[in-house]
Amino acid sequence: MPEHLICPRCGASNPLGSASCANCGWAPDPLGQPPAQQPPAQQPPTYGQQQPYGQPQYGQPQYGQQPYAPGRPRYGPAGPYGAAEAGEPNRPNRKLLLILGAVALGLVLVVVLAVVVIPTALRRINAGPAAPATNLAPAPTAQPTAQPTAHGSEQPSSAPASSPPSVKPSAPPDYRKLGPQVSSGILKIVASGCPDAGSRVGSAFLINTNTAVASLSSLAGATVIALTDGDRTVRATVSAVDRAHGIIVLRLHSPLSGHVFTVDTPTLETGDPVGTYGVTVKGHRPTLTETKITETDAETRIAGLTVTGLAATRESVDAGLSGAPTLSADGHANGMVLLDPSNTVMIIPGRAIAAAVRKHGGSLPANGCSRPLGPSATMINGSAGQRVHAMLQRYFSGINSGDYPSAFSQLSRRLQAGGFQGYRDGWATSYDFNIVVHRATATSAHVTFDSIFEKGKGPKGSGTCARWDIDYQFVIEGGSPAIDRANPHSGPIWRKC
């Protein structure tokens, strides 16, 4: 440790702790100013070497002393708790600058919205929706757009003047995959009415659980209508009719829980594929038919009415497909089948269906014939011996076709003793369907079926539709079975649809 202080002015040695030089009186300036005359600059020692003993290290204060000019501010290191030492210059507050910048940007956005975006949106709303583009391709006489070349001259552009029309898929939808999705919402129509009007059979599809849509080619002249999914049968009445497009809207008296269709409204064009699921006259479940549109803006005649705005095909089909939905690729209904008098498929477009379901009122044509009948076909399902099946076929076909003498002849002599007139009056206007033989022997059969009839012609309180559950007892007369008794199988013999 050095024992003396060397005066920087005269070089005299002074004891430690001296306030001034004893030889020349020099003392350090309290404001940190250097002396008037500085001694000649000394070369710093080689790195790692010491000054001569008793001399302070180069650039360092004497041990235990503050450096001269103690009041000079010290830059760089932070003070306690991160604050700058006294005398440190103020720095800009970056957080404050960021906040001010964000506020300024927000004000700019508000001005842009008020001046540009909102007025533009209001002008578009007031102007209404843009008209659809009916022809997006450039006109044949349109001149190509000129664009400047690299040298400033102009040459025709290869880009079209407007967007090209949308391209339809080249392959038709896979309609077979749609069957499981949509079949539960496709119902079979059975109706009675004037035989010279509609077919009184066909298909319909649900647009909600209480409403279905059907075709005029099925229901023209109908007086009583029932819908069945094969398991349940419900009564239906007409809630709206669009005669110009051949559409019948039906209200179901009891809801059905099948698939509910969305109705699409595309423009049908020549060459478009057609896929439709409908229930044939002798069928119970929907089956697929595929074809193509061959003509648009077609028309046909149904029950004395001209039906217009149709798409046409060359496909002739079973009468049961009347009223079947035509399907888009996603399973929506984009149209409905209407059959012309030769059972050729015509298509009612979806936009007409969508408009019809919003209507109320209207009536079916050719209503009020004196002898309403059901469809011409009578199907008996289930297993029975040949003789029993043949007898039941004659019995139910006679009732359905109005050939009451044929049906009456299938009764035993005991039952025929009651007289033909009463029998005919009792079964007039009736049509039996969904006939199933559950069990049969030579002398008995358990049979279920549904019936529709004019109001007041069926069992009391049944309205216009009844479901029967009967055990028939047979007797053999003339070598053939004949119906002798009809007893309830279990519970009541009939119940209301």
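Tabulated results
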item	result
Selection status of THR289, touching a residue at least 24 places away in the same chain (Cβ under 8 Å) and buried (at least 18 other Cβ atoms within 10 Å of the Cβ)	yes
Qualifying residue in segment 379-396 (condition: at pLDDT below 95 and farther than 18 Å from ALA445 by Cβ)	no
Residues of segment 429-453 satisfying the condition of being at pLDDT 90 or above and more than 40 Å from the chain's Cα centre (by Cα)	SER430, VAL437, HIS438, ARG439, ALA440, THR441, ALA442, THR443, SER444, ALA445, HIS446, VAL447
Neighbours by Cβ (under 7 Å, 6+ apart or cross-chain): first from segment 403-428, surrounded by 12 or more Cβ atoms within 10 Å (Cβ to Cβ); second charged (D, E, K, R) and not in a loop (DSSP other than H, G, I, E, B)	TYR404/ARG424; SER406/ARG394; GLN410/ARG394; SER412/GLU477; SER412/ASP484; ARG414/ASP484; LEU415/ASP484
Residues that are on the phi < 0 side of the Ramachandran plot and small (Gly, Ala, Ser), drawn from segment 194-217	ALA197, GLY198, SER199, SER203, ALA204, ALA212, ALA214, SER215, SER217
Output for segment 454-475, where each listed residue is in a strand (DSSP E or B) and either more than 38 Å from the chain's Cα centre (by Cα) or over 15 Å from LEU227 (Cα atoms) (or both)	TRP468, ASP469, ILE470, ASP471, TYR472, GLN473, PHE474, VAL475
Verdict on VAL307 being in contact with a Leu (Cβ under 6 Å, 6 or more places away or on another chain) and either over 26 Å from PRO375 (Cα atoms) or of a type in the set (A, V, I, L, M, F, W, C) (or both)	no
Which numbered condition ASP432 misses (of (1) surrounded by fewer than 15 Cβ atoms within 10 Å (Cβ to Cβ); (2) touching a Phe, Trp or Tyr at 6+ places or on another chain (Cβ under 8 Å); (3) touching a residue at least 12 places away in the same chain (Cβ under 8 Å))	(1)
Extreme residue, modelled with the lowest pLDDT, among residues of segment 298-314 that are within 22 Å of ALA222 (Cβ to Cβ) and buried (at least 18 other Cβ atoms within 10 Å of the Cβ)	ALA303
Unmet requirement for THR237, which otherwise passes all of (1) free of Cβ contacts under 8 Å to residues at least 24 places away in the same chain; (2) surrounded by 15 or more Cβ atoms within 10 Å (Cβ to Cβ)	(2)
Residue among THR276, THR287 that is hydroxyl-bearing (Ser, Thr, Tyr) and farther than 30 Å from ALA466 by Cβ	THR276
Tabulated pairs, segment 10-34, first modelled with pLDDT under 75, second in a loop (DSSP other than H, G, I, E, B) and among the acidic types (Asp, Glu), C-beta under 7 angstrom, 6+ apart or interchain	LEU16/GLU3
GLU295, sole failed condition from (1) surrounded by fewer than 14 Cβ atoms within 10 Å (Cβ to Cβ); (2) closer than 29 Å to ASN434 by Cα; (3) among the acidic types (Asp, Glu)	(2)
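Conditions (1) crowded, with 24+ Cβ neighbours inside 10 Å; (2) in contact with a strand residue (DSSP E or B) (Cβ under 8 Å, 6 or more places away or on another chain); (3) under 20 Å from LYS496 (Cα atoms), marked per residue:
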residue	(1), (2), (3)
SER183	no, yes, no
ILE189	yes, yes, yes
PRO195	no, yes, no
THR209	no, yes, yes
ALA214	yes, yes, no
LEU219	yes, yes, no
VAL224	yes, yes, yes
LEU227	yes, yes, yes
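The values are calculated or read from the model by the stated rules, or taken from the named source; none is laboratory data. What you see is a predicted model; the values in this text were computed from it and never measured. Cβ coordinates were reconstructed from backbone atoms using ideal geometry, including for glycine residues, and neighbour counts include every protein chain displayed.
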